[in-house]
Amino acid sequence: MKWPQFLRGVDAATKKAALAQAELRTDKLREKMAQRRHDLLRKTIEQSKRAKQTDG
């Protein structure tokens, strides 16, 4: 694994902490994107239901 410049030459514990922080940020972003997809899907379904009601 190639480490960023600011992490080269530092001890393993610091690298491990930086990696854990990056994983946490990634997890939070993944959850946020999943929530957005869920909201968008729900909104699309509601719009299609409304369209069916106005057509029928």
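Once all protein chains are placed together, Glu46 keeps about 90 Å² accessible to a 1.4 angstrom probe. Over the chain, dividing the summed -39,500 (n - 2.57) contributions of all DSSP H runs of at least 4 residues by the number of residues returns a 222 nm mean residue ellipticity of -29000 deg cm²/dmol. Overall dimensions of the chain, expressed as equivalent-ellipsoid semi-axes from the Cα gyration tensor (√(5λ), whole Å, largest first), are 47, 8, 5. Applying a DSSP loop filter and a limit of 11 other Cβ atoms within 10 Å to the trypsin sites (Lys or Arg not before Pro) in the range 1-49 leaves Lys2, Arg8.
Straight-line cross-link partners of Lys16 among the lysines, defined as a Cα under 16 Å from its Cα and at least 8 positions apart when in the same chain: Lys2.
Here the label points at Lys28 and Gln53, each 7 Å from Cα along the C-beta direction, are separated by 3.8 nm in the simple model.
The values are calculated or read from the model by the stated rules, or taken from the named source; none is laboratory data. Keep in mind that this is a model prediction, so the values were computed, not measured. Neighbour counts run over all protein chains shown; Cβ positions are idealised from the backbone, glycine included. These accessible areas exclude ligands, DNA and RNA; they are computed on the full protein's heavy atoms, side chains included. Shrake-Rupley method; radii C 1.70, N 1.55, O 1.52, S 1.80 Å.
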